[in-house]
Amino acid sequence: MKDAYNIILSGVGGQGLMLLSSVFGEVCAKTGTHIVTGEQHGLSQRSGSISVHLRIGADALSPLIAYGEADLAIAMEATEALRYLEYLREGAPIVMSSRVIHPPLETAALVDAGAADHDYFALADIMERLRGVTTSIVALDALALAEKAGTARAENVVLLGAACGVKGFPLKADDAREAVERIVPPKTVEANRAAFDMGFDACCAAFEE
Amino acid sequence: MGFSELVDTKPKTAYMLANEAVARALLEADVKVAAFYPGSPTSEILDTMGAFAPSFDDLVVEVAANEKVAFETAAGASFAGVRSFTSMKSVGLNVASDAFYSIGYTGVRGGMVLLIADDPHAHSSQSEQDGRFFAFPAHVPMLEPATAQEAHDMVAYAYELSERYGMVVMIRTTTRVNHQSSLVSVGQVKRSPRSRHPWKDVRAPYFTLSATARKLKGERLASLALMQRDAAECPFTTVSEGEGDIGIITSGVSYLYTIESLQTLGISPSVLKLGMTHPLPTATIAAFLQGKRTVVVVEELMPYLEREVRSIAQETAPHVHILGKMSGDFPYVGEYSIPVVVQGLSSALGIDGAPPYEAHRVKVEALKEGIPHRSPIFCPGCPHRATLWSVYMALKGTDYVLNNDIGCYSMYLMEPYNSSDSLLCMGASLGVSSGMQHVLSDQVVAFVGDSTFFHAALPGLVNAVHNNHNLLLVIFNNSVTAMTGQQPNPGSDFGPLPVTRLNIEQVVRGIGVEHVYPVDTFDPKGNIPIIKEALAHTGVRVVISNGPCALYNDRLRRKAGTPIVPNAVDHGVCDAIYACVRKVHCPAIQLDEATKKSVIQADLCNGCNVCAKMCPVGAINPRGGDGA
């Protein structure tokens, strides 16, 4: 059995995926745990599909996760949860935002087809398709929770908090929360702490149901 | 990792991107002059070095006009006696290769290291160019790291090698090495003072011509022959003895895929991992081949190692089967991963036991059918969106050909625009347009960004003016090199160290262009008649569309404390005409699922007002029209 816990992170450019990667790194540096990532930089633009392969454990060498071998998916946007689904192991958990950010091309196609009698690719459809691989899904309105916590920018931290509530997650919640507090701008520490806890609590509640 | 930790001089183990680890290693190696032109996947080396520059008064970091100038700047500093560095993307070395091939003859004095990063899968490049093939004809030694730690450690080794042999050393990476983060152990930073000294202290000849060239070539080849020993003893070359008569030869990130793939398949053949891939350690490879029945070569892109191993086997072990791409077991196209290597090894070795990667992928592909594409698109607030619309409207009804160039505006060739006819390489839009205007009856239009203009389009413009060509050039002047992360270019007013800003309009007029039209990007309707006027003239005409990159502008606004005021749609006024959708294609705009009217997502909107200017009924403004 390989000592490797694989996480596929996904979202839309600008949502703060790189901050999440840094939090994992900070915690692993503190505990001396091996970590490797395959990150997507390059065409520097907002609003594109973006993913980070993140692997923790002594046997995790490759910066890319093999198909069907991610132990957890964290998705900042619902369509993106589906886009990288081939990496997720059958039955493994997904922690995701229920937010759908429709790409401009989808909106343009909808308008061209006739917006009155056509609909977007909907959240319910996405959830149904995700269940083709796993039923262990925690979908949160991360944007609403982040706004409630004090800043819309903390959408990512809500989901990190939620991920810490997943059984088998390799980071201790306290370590992750502390790393967030160190990394985020000082003015937003309070809001991010609140966002983290809201995510954590929401995930624990979801698993109890 | 946080910048404060990276710049702190003490040894430590910390989480960092491989590109950051390289920059840290350059500090530790006491490199004095580093010059760059940004290019993915190397840009973060420049960014990190640029951030270091103000903290170390002995360190010079420059953003050069292009890779050739960056390479030559590093060469000059090395000739003058200090350690120097440059890094560039794969195709960057095409631009710098003229100097690169000559320096392969002249050699260097202060240690000089060049890092080039190939991009298997062409994630953010125009080709899957394999830069390893530069090393052999240029007589330049080459190292290949697999991990962030190796990328760090190889820097010191490369400088030592460079100074011992008086040759430039190349470190060759790939995207999955550069953009790997992990825990890296770094050493002490100890900088020496940088003082000026006279040329006579270090004077040596650095030219190559006819008889000198023949002499120098012989000397370099002799040095490379001597370097066989270094290649054999290279600390980054390892042999792990395994079971049976099967062996694997690999290098770089492919080594990581290989080790995990072997675990997955439950086999343990011998593995030779090469850290130096030019010159190749011929004796090490020959010894590895001895007693093997089959040797599989695992490498991305072209069969560079495979051909060399075949040639060594022909001399020393002709009965060994050498398998890889040339045997049809591994693909030539795309990047490797564990599934690709597992498949390749299974095919080459005729073994079963591969996990059902493909079946899983196919199953999920079916679940993903019809999923909306989220292809790269202009950011909210991007100035190009408005410029492109104005140009499109001005050209409407004419016959035209449009030659594009490298930058964010390249996306004009993709959905939803599909509006470009050519895109070759940096600066090519002008040369290609020059050729076309000799032959075609259409309006010939060239696009170029500010950074690409200075990088490689200047000679094209000089040429077009000199030869009385007939074309329209549109310069997208957004103040920075946007696509690679908003680095400065000669038109920017900032740099790692103090700079002088060049004014594009003055440059264009100075070259002799008479018809120059500077416009404000964010006035899309007002710009249509101006562009039409430019089209009505003959000769070389230049439209300069001025408007800052949205991401750069966000940074400026954050720094100045200027709030970003998002727009909103007044649904009482909105008539569902969808001009904001069809003409703007902004990621911040989508339809309300119930009313099917446009809504602007406040956290994505950049407040550029282009959609508001397009709306024929005036439904868009910062308050949504209702004071809410």
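Worth pointing out:
- Count of residues meeting criterion [in contact with a strand residue (DSSP E or B) (Cβ under 7 Å, 6 or more places away or on another chain) and of a type outside the set (A, V, I, L, M, F, W, C)] in region A:105-130: 1
- Residues located in region B:227-281, provided they are assigned to a helix (DSSP H, G or I) and either in contact with an Asp or Glu (Cβ under 8 Å, 6 or more places away or on another chain) or within 14 Å of B:Lys292 (Cβ to Cβ) (or both): B:Val253, B:Ser254, B:Glu260, B:Gln263
- Across region A:97-120, the qualifying residues are those that are within 9 Å of chain B (Cβ to nearest Cβ) and small (Gly, Ala, Ser), and the one among them that is nearest to A:Ala154 (Cα to Cα) is A:Ala108.
- Among the residues making up region B:293-316, those that are among the hydrophobic types (A, V, I, L, M, F, W, C) and more than 15 Å from B:Met276 (Cα to Cα) are B:Val295, B:Val296, B:Val297, B:Val298, B:Leu301, B:Met302, B:Ile312, B:Ala313.
- Yes/no for B:Val320 being closer than 17 Å to B:Val239 by Cα, in contact (Cβ under 8 Å) with a residue 24 or more places away in the chain and either under 37 Å from the mean Cα position of the chain (by Cα) or open to solvent by 10 Å² or more (accessible area, probe 1.4 Å) (or both): no
- Every pair of residues 6+ apart whose Cβ atoms lie under 8 Å, when the first sits in region A:100-123 and is assigned to a helix (DSSP H, G or I) while the second is among the small types (Gly, Ala, Ser) and open to solvent by 30 Å² or more (accessible area, probe 1.4 Å): A:Leu105/B:Ser375; A:Ala115/B:Ala576; A:Leu123/A:Ser98
- Residues that are assigned to a strand (DSSP E or B) and free of Cβ contacts under 8 Å to residues at least 60 places away in the same chain, drawn from region B:538-578: B:Val569
- The set of residues in region B:97-148 that are open to solvent by 10 Å² or more (accessible area, probe 1.4 Å), of a type in the set (A, V, I, L, M, F, W, C) and outside any helix (DSSP H, G or I) comprises B:Val108, B:Ala122.
- Test result for B:Val333, part of a helix (DSSP H, G or I) and either over 24 Å from A:Ala4 (Cα atoms) or at pLDDT 95 or above (or both): no
- Residue in region B:195-206 that is within 14 Å of chain A (Cβ to nearest Cβ) and either touching a helix residue (DSSP H, G or I) at 6+ places or on another chain (Cβ under 7 Å) or without any contact (Cβ under 8 Å) to a residue 24 or more places away in the chain (or both) present: no
- Residue that is nearest to A:Phe121 (Cα to Cα), among those in region B:581-600 that are without any contact (Cβ under 8 Å) to a residue 60 or more places away in the chain, part of a loop (DSSP other than H, G, I, E, B) and facing another protein chain (nearest Cβ under 7 Å): B:Glu593
- Counting only helices (runs of 4 or more DSSP H) that fall entirely inside region B:347-458 and contain at least 1 residues that are touching a strand residue (DSSP E or B) at 6+ places or on another chain (Cβ under 7 Å) and away from chain A (no Cβ under 14 Å), the qualifying elements are B:383-395, B:428-437.
- Residues located in region A:60-76, provided they are more than 7 Å from chain B (Cβ to nearest Cβ) and either in contact with a helix residue (DSSP H, G or I) (Cβ under 9 Å, 6 or more places away or on another chain) or of a type in the set (Gly, Ala, Ser) (or both): A:Ala60, A:Ile65, A:Glu69, A:Ala70, A:Leu72, A:Ala73, A:Ile74, A:Ala75, A:Met76
The values are calculated or read from the model by the stated rules, or taken from the named source; none is laboratory data. These numbers come from a predicted model, not from an experiment. All Cβ positions, glycine included, derive from the backbone under ideal geometry; neighbour counts span all protein chains shown. The accessibility values were calculated without ligands, DNA or RNA, using every heavy atom of the protein model including side chains. Shrake-Rupley method; radii C 1.70, N 1.55, O 1.52, S 1.80 Å.
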